[in-house]
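One structure below.
The values are calculated or read from the model by the stated rules, or taken from the named source; none is laboratory data. No experiment lies behind these values; they were computed from the predicted model shown. Neighbour counts run over all protein chains shown; Cβ positions are idealised from the backbone, glycine included. Note: areas computed on protein heavy atoms with side chains; ligands, DNA, RNA excluded. Shrake-Rupley method; radii C 1.70, N 1.55, O 1.52, S 1.80 Å.
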Amino acid sequence: MQEKERKGMKRKDDHPKTVCEASDELIRKAAADGVSTVFERAEAMKPCSIGAEGSCCKNCSMGPCRLPSSGKLKENGEKRRVGICGATIETVAARNFVRMIAGGASAHSDHGRGIAEVFLAAAKGEIPGYEIKDTQKLFELAMDFGIDIDEFDTREIGIKVGELSLSEWGRQEGELVMARRAPLRRQEVWRKQNVFPRGIDREIVETMHRTHMGVDQDYKNLITQGTRTAIADGWGGSMLATELQDILFGTPVPVRGSFNLGVLKEEEVNIIIHGHEPLLSEMVVVAAQDPELVALASSYGAKGITIAGICCTANEVLMRHGIPIAGNFLQQELAIATGVVDAMIVDVQCIMQSIFDVAQCYHTNIITTSPKGKIAGAKSMRFDEHNALESAKGIVRAAVDNYPNRLGGAKIPNKRCEGIAGFSHETIDYMLGGMFRASYRPLNDNIINGRIRGIAGVVGCNNVRTSHDWGHITLIKELIKNDVLVLTTGCAAIACGKEGLLLPETAASHAGSGLAEVCEAVGIPPVLHMGSCVDNSRILMAASAVVKEGGLGDDICDVPLAGAAPEWMSEKAVSIGHYFVASGIYTIFGRSFPTAGSDVVTAHLFRELEEELGGMWDVARDPGEMAEKMIAHIDRKRKALGIDRARERVLYDMSMRRELEAG
Ligand code: MSK
């Protein structure tokens, strides 16, 4: 890419806050209404540069100790500074980094545990409303746990799977069962490096112990434990969350949906479901169709009840029910500022405390539903899984009852876009291989022949320190233009939906000719929406399937594959990034990196880890540089595989596909 082109992709000063027009409209409306939003607060509060670099230690009350990077110390005439206890910058940066991994892993894994508990109760028939929907997937998971599926009936298998899944959290010794889904070569790497996780909770707790004042003071040893913890997340807690959710609620298949704030309807009751766990949102979707509640809405003059999602809950209910998505992380306050949201129902993760203050300026009810996540002042209505539908109906009723309290002055941006979501790794198998012989073979063949240059996982949050959605959209457009197939989850996936990148037609208008040929032949978009944050485990499974199919190396680190989180924000993103790295994937963050204060720790993560794990970290200032680095990595992998030479391009049409299927 030319430097001139790359400059053109840099942040535009005339769009400093967002590149999403609907959000821009609402930011202006909120300001006019005198409402404080995250965009305004970010301008008022500059980030602490020492904390941002991971150089501040506050793990005991002798500090906090500030250990600025060597560059900053030189300016003060200092050579090296240590903390009051003698902790070096390497220890502090590594400790902070692995604590972020533990925080992220705990969030995903506690989500997974909640699903496993409900799963077991549902398998036992103890909770009405939940039942096993995908028995095929249940049997596959049962076989992973070594259950002889011919010996038991479906109910018994469900109970055994529930019990064995739950025991993965408390396992003290041995190896996590789910991690044995990784390619054999990858498992060997983990055993050699002594990072094969034992139990999910055990690794998280041990990380917290080791990072306590005065315990582990060797940065490499700390990072090793961080690696073990991250694998326990990606190949443990997150993967179990995804698998059990699919068995309970159905494995996603491609579904058409709508994205952006324009999905709200002024004349209907609007309920936003926001957070992460689908246990509640699945039931809210059912409750909103209850004739009694629809009649109640009508009695208030509303024409119906609209449910729309924000953040990963949105991805979950879109994939399984086609429920529209109102927006991603940075749009939660803006949705309320429309003035038409009668309730925002939240559970856990990525919920800004400010939504309560914003709601005070309009009429929105903020309803918290999890005992793990309350907001001072907000209405708390505990969602009881044992009485799920009645519980959800009560919550929906509270929203409907709030409809008459609207204050006027509503504004719904006339912006929404259609897109296809729900590409589980099983669906990719199906769509690429064909109905009669599901297989990753055509994907591998198209990577080998060069039509598809490689694969990128572009995932993660929005971050108000960068222009909202700009990082995701710019990077992804550049990747698909260069024939890189993109797999996306989380708020990145929602950004793509709003931009129209999840439509099959995007292949012709935005993708390189090779990628476009494949997408058009198969009927898929060049950007595949694979779900929520825990569904990054689907990307691991897709990468493993590519390896197992053959022809692209023996391990995930051999595949022309890269990962990115251009607008990362949360600890969960750090855990996801590190389990990508631990799985052998080159992974790049946008804008800043949380160990930047230590050159030594950063060099370990960015270079030395490749020797140990085959994957490594990187950072880029902007999406242009990020695309360049990812494509360069993909090309290096192609060269190592001996598939870098240009090959004759043959149009991959339907008759060839039929031949493949018949063969
Ligand atoms: S919701 S973790 S802002 S992706 Fe999963 Fe979005 Fe990041 Fe939350």
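So here's what we get for this one:
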{"quantity": "Dipole axis of the chain (+1 Lys, Arg; -1 Asp, Glu on Cβ), positive-most option in Ser354, Asn462, Val600", "calculated": "Val600"}
{"quantity": "Extension gain, Glu188 back to His209 (0.36 nm per residue minus Cα-Cα distance, nm)", "calculated": "4.9 nm"}
{"quantity": "Alpha-carbon Rg with Dmax, taken over the range 537-607, Å", "calculated": "13.4, 42"}
{"quantity": "Added length on full extension, which subtracts the Cα-Cα distance from 0.36 nm per residue, Asp33 to Ala438", "calculated": "140.4 nm"}
{"quantity": "Glu292 paired with Glu173, simple spin-label distance in nm, labels 7 Å along Cα-to-beta-carbon", "calculated": "5.4"}
{"quantity": "Percent carbon-and-sulfur accessible area, the chain, ignoring ligands, DNA and RNA, probe 1.4 Å", "calculated": "50"}
{"quantity": "The range 103-164 - Debye-derived log10 I(q)/I(0), Cα point model, q = 0.20, 0.29 Å⁻¹", "calculated": "-0.76, -1.21"}
{"quantity": "Mean-position separation - Cα centroids, the range 186-242 and the range 153-175, in angstrom", "calculated": "21"}
{"quantity": "Average accessible area per residue (Å²) across the chain - probe 1.4 Å, nucleic acids and ligands excluded", "calculated": "37"}
{"quantity": "Sequence-distant residues sharing a close amide H with Val619 (under 5 Å, placed H)", "calculated": "Phe589"}
{"quantity": "nm² value of the averaged projected area, convex hull over the Cα atoms of the range 419-641", "calculated": "10.8"}
{"quantity": "Estimated FRET transfer efficiency (Met62, Lys133; beta-carbon r; R0 60 Å; 0.05)", "calculated": "0.65"}
{"quantity": "Where Lys137, Lys303 fall by accessible area, highest first, once all protein chains stay in place (1.4 Å)", "calculated": "Lys303, Lys137"}
{"quantity": "Positive-end extreme of charge dipole, the chain - chosen from Ala511, Ala335, His633 (charges on Cβ)", "calculated": "His633"}
{"quantity": "Links that overshoot a 25 Å alpha carbon limit, given the list Lys192/Lys548; Lys372/Lys572; Lys415/Lys629; Lys17/Lys303; Lys58/Lys572", "calculated": "Lys415/Lys629; Lys17/Lys303"}
{"quantity": "Equivalent ellipsoid semi-axes - Cα gyration tensor, the chain, angstrom", "calculated": "34, 31, 28"}
{"quantity": "About the Cα centre, charge dipole magnitude for the chain (Lys/Arg +1, Asp/Glu -1 at Cβ), debye", "calculated": "1940"}
{"quantity": "Ordering of 447-456, 88-97 by packing [mean C-beta count within 10 Å, highest first]", "calculated": "88-97, 447-456"}
{"quantity": "Long-range amide H partners of Arg453 with built H, under 5 Å", "calculated": "Val484, Leu485"}
{"quantity": "Viscosity 0.890 mPa s, temperature 25 °C, Stokes-Einstein D of the range 261-405 from Kirkwood C-alpha radius, µm²/s", "calculated": "168"}
{"quantity": "Rel. contact order, % - alpha carbon contacts under 8 angstrom, at least six apart, the chain", "calculated": "17"}
{"quantity": "Angstrom value of the Kirkwood radius, inverse mean 1/r, which spans all Cα pairs in the range 55-94", "calculated": "10.2"}
{"quantity": "Rg(Cα) / (2.2 N^0.38 Å) computed for the range 84-188, rounded to two decimals", "calculated": "1.44"}
{"quantity": "Antiparallel DSSP beta bridges within the chain, as percent of all bridges there, nearest 5", "calculated": "15"}
{"quantity": "Beta bridge orientation in the range 261-405: antiparallel %, DSSP, nearest 5", "calculated": "5"}
